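Novice: Dropping a structure here in structure tokens format, bear with me for questions.
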Amino acid sequence: MFHASGRTALVTGASSGLGKQFADQLAARGMRLVLTARSEPKLSAVAAELRARHRREIDVVAADLTQPGAAADVAHAVAARGLEVDLLVNNAGVCAYGDFEAVAPVSNAQLVALNIAAVVAMTEAFAPAMLARRRGTIVNIASGAAFQPMPYMTTYAATKAFVLSFSEGLWAEYRRRGVHVMVFCPDHTATPLVDALPPSCPYATAPGADPAAMVAAGLRGLDRGRHYVVGGGLKAYLRSNIARWLPRATVASISEVMHRATPTKQLLKGARS
């Protein structure tokens, strides 16, 4: 079982959604927290709520992880507090929906910067110290979208496929060096990121899973030493993995039909966790 009590977790994208739930449940397990997101007021409100509920020490480090050098700045802020990060949860993410050519280039750039580059940079910032101590855990949040292309959410799904591959590669590299890496692939979940999707997106009106239950499933997988977990039960697992057995063109074509917008297309310019 993952040993949490008395150790320190850093959670990105912690101001809402899955990130806030990770912070809540890790604090309940006895962890000291460092919370990171863009909005310091939102982070401070979450920190105050969790301090009152769990009586844990919680630090806030506001940072825009899409900016160059932001991960190093977070690492310096953590070191200045005299803390060692035992668990890194790379949760921060952004999504966009619409015809690829109609999505603003800046939105796609932010997708790649936050969903890919920030995950790599945060891992670069904290993994070396874990390896030196021969102790530590990294949890990267991917998605059920990581297992197949998703037309109209093309860049988003591709970034999550990167997170899946990156995490499994690190798991194999680090598993004999004292550092455990797990990738968590949650199914459709009711979070602010999903709430911001336009009505034309199929996920905008589909009922999503409870964030607390989804995070609990991820932590159960961590307790069991899993290297990847698909959150959402057996149906989500089968849906995510069926793409392995079908022709790639078939999978992409089915996905295009499933994710095609209604005639009143709208675009999500950027919804950050």
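Novice: Taking only pairs six or more apart or across chains, which ones have beta-carbon atoms under 7 Å, a first residue in the stretch 217-239 that is closer than 21 Å to GLN148 by Cβ, and a second residue that is surrounded by fewer than 20 Cβ atoms within 10 Å (Cβ to Cβ) and of a type in the set (Phe, Trp, Tyr)?
Specialist: HIS227/TRP171; VAL230/TYR237
Novice: A follow-up question, please. With the condition kept exactly as written, say whether any residue in the stretch 145-158 is assigned to a helix (DSSP H, G or I), hydroxyl-bearing (Ser, Thr, Tyr) and closer than 20 Å to TYR237 by Cα.
Specialist: Yes, because at least one residue in the stretch 145-158 is assigned to a helix (DSSP H, G or I), hydroxyl-bearing (Ser, Thr, Tyr) and closer than 20 Å to TYR237 by Cα.
Novice: Can you pull out the residues in the stretch 30-45 that are surrounded by 17 or more Cβ atoms within 10 Å (Cβ to Cβ) and in a loop (DSSP other than H, G, I, E, B)?
Specialist: MET31, ARG38
Novice: Here are some residues: ARG226, ARG220. Which one is at pLDDT 90 or above, assigned to a helix (DSSP H, G or I) and among the basic types (Lys, Arg)?
Specialist: That would be ARG220, the only listed residue that is at pLDDT 90 or above, assigned to a helix (DSSP H, G or I) and among the basic types (Lys, Arg).
Novice: Here is a follow-up. Out of (1) farther than 19 Å from VAL89 by Cβ; (2) modelled with pLDDT of 90 or more, what's the single condition that is false for GLY208?
Specialist: Single failed check for GLY208: (2).
Novice: Can you tell me which of VAL60, VAL85 is touching a Phe, Trp or Tyr at 6+ places or on another chain (Cβ under 7 Å) and among the β-branched types (Val, Ile, Thr)?
Specialist: Of the residues listed, the single one that is touching a Phe, Trp or Tyr at 6+ places or on another chain (Cβ under 7 Å) and among the β-branched types (Val, Ile, Thr) is VAL85.
The values are calculated or read from the model by the stated rules, or taken from the named source; none is laboratory data. Keep in mind that what you see is a predicted model, and the values were worked out from it rather than measured. Quick reminder, even Gly has a Cβ in these numbers, built from the backbone with ideal geometry, and neighbours come from all protein chains shown.
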